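Below you'll find the structure, written out as structure tokens, and then a few comments.
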Amino acid sequence: MPVRELVQEAGRAEFVERLDVALHGLCQPLTVLQCRLAMGEMIGEPDAMLEAIREALKECVRLNQTVGTMRTMLQQVKADTNDERIG
């Protein structure tokens, strides 16, 4: 296999690994988000619901950070792919 193909394959493997880690990173905040909202709903008291909403919003920030990381990774791969086509 030519060196260029080996480098491309290694890059793809690294990307897949990074994407896998990022996706795994979404699991915990999603579970916490769901749990907090469910608990607030179950308790049914206004203070509990407000607390659940506040905590859920914090988890949304974590989720958005991970999604932003994934978006950046995809943009980098797209740019690299375009550079390979041009070069």
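Values computed for the structure shown
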| quantity | calculated |
| --- | --- |
| Restricting region 44-85 to residues that are closer than 24 Å to Val16 by Cβ and surrounded by fewer than 10 Cβ atoms within 10 Å (Cβ to Cβ), the residue that is farthest from the chain's Cα centre (by Cα) | Arg85 |
| Long-range neighbours under 6 Å by Cβ, at least six apart or interchain, first residue closer than 13 Å to Leu63 by Cβ within region 26-40, second among the hydroxyl-bearing types (Ser, Thr, Tyr) | Leu26/Thr66 |
| Test: Leu33 is assigned to a helix (DSSP H, G or I), of a type in the set (A, V, I, L, M) and loosely packed, with under 13 Cβ neighbours inside 10 Å | no |
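Read the figures in this text as sums done on the coordinates, not as results from a lab. Remember, it's a predicted structure, so these values are computed and weren't measured experimentally. For neighbour counting, all protein chains shown are included, and Cβ atoms are generated from backbone atoms with ideal geometry for every residue, glycine included.
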